[in-house]
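So the structure is just underneath, and the comments pick up after that.
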Amino acid sequence: MDSKSRDFYLEWDTVARDSVASLRINAGRTPYDRGFTDLVGELSTRSSEFAGWWATHTVKFHRTSTKKLHHSSIGDLEVTGEAVELPGDPGLRIVIYTVEPASPSEQALAFLASWSSRTAADDDELTQRPQVR
């Protein structure tokens with residue numbers, strides 16, 4: 001529903017359709033979950049695209065997917081996600097995203113991480129300096 005998602009996901013239509021198809025799995029697992037049915041109802045009334053995709057009854061279960069993203073500061077990225085099931089909580093998954101080694105995406109993420117590292121190092125340096133009173 002966030003309009004910024006269309007800029008963030010370079011293949012927004014595919015990501016959105018896959019997300020709706022993945023929601024269908026949850027609909028089958030928890031058909032009487034009030035919160036879930038309320039969410040589907042809200043999305044259906046607020047988005048004609050969602051309503052149309054939901055009406056197709058497409059179900060998609062995937063463990064791996066590649067997404068092309070656009071980060072406002074570092075540009076385009078290609079990430080591959082791998083879904084990992086949590087054995088202690090059936091139905092709950094964590095998706096771990098990685099990039100190809102030595103790829104432009106890896107370089108862009110390393111550049112972004114350097115901002116965080118530099119800030120943390122600067123903070124450490126400031127907290128370790130003796131204070132003048």
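Highest average first, the peptides 102-109, 88-95, 61-68, 18-25 ordered by how many other beta carbon atoms sit within 10 Å of their residues are 18-25, 102-109, 61-68, 88-95.
Placing unit charges on the Cβ atoms only, positive for Lys and Arg and negative for Asp and Glu, gives the chain a dipole magnitude near 320 debye about its Cα centre.
Within the accessible surface of the chain, defined with a 1.4 Å probe on protein heavy atoms only, the carbon and sulfur portion equals 54 percent. When the alpha carbon gyration tensor of the chain is reduced to an equivalent ellipsoid, the three semi-axes, largest first, read 37, 19, 17 Å.
Pairs of Cα atoms nearer than 8 Å and 6+ residues apart set the relative contact order; for segment 13-68 it is 52 percent. Before anything else, pin down the relative contact order of the chain: Cα pairs under 8 Å, at least 6 apart, normalised by residue count, whole percent. Relative contact order of the chain: 18 percent. Answer rounded, prolate or oblate for segment 63-109, using the Cα gyration tensor with square roots of eigenvalues a ≥ b ≥ c: rounded when a/c is under 1.5, else prolate when a/b is larger than b/c, else oblate. Since a/c reaches 1.5 and a/b is larger than b/c, the shape of segment 63-109 is classed as prolate. Between helix 12-29 and the chain there is an angle of about 60 degrees, using the helix long axis and the longest principal axis of the Cα atoms. Once the Cα atoms are used to define both axes, helix 104-128 deviates from the longest principal axis of the chain by about 50 degrees. Placing a label point 7 Å from the Cα of residue 95 along the Cα-to-Cβ direction, the residues of segment 62-77 whose backbone N falls under 12 Å from that point are 62-69. Solvent-accessible area per residue in segment 3-65 equals 67 Å², computed with a 1.4 angstrom probe and all protein chains kept.
The values are calculated or read from the model by the stated rules, or taken from the named source; none is laboratory data. Model, not experiment: these values are computed from the prediction. Glycine also receives a Cβ, built like all others from the backbone with ideal geometry; neighbour counts cover every protein chain displayed. For the accessible areas, the whole protein counts, side chains as well, though only heavy atoms, and no ligand, DNA or RNA atoms are used. Shrake-Rupley method; radii C 1.70, N 1.55, O 1.52, S 1.80 Å.
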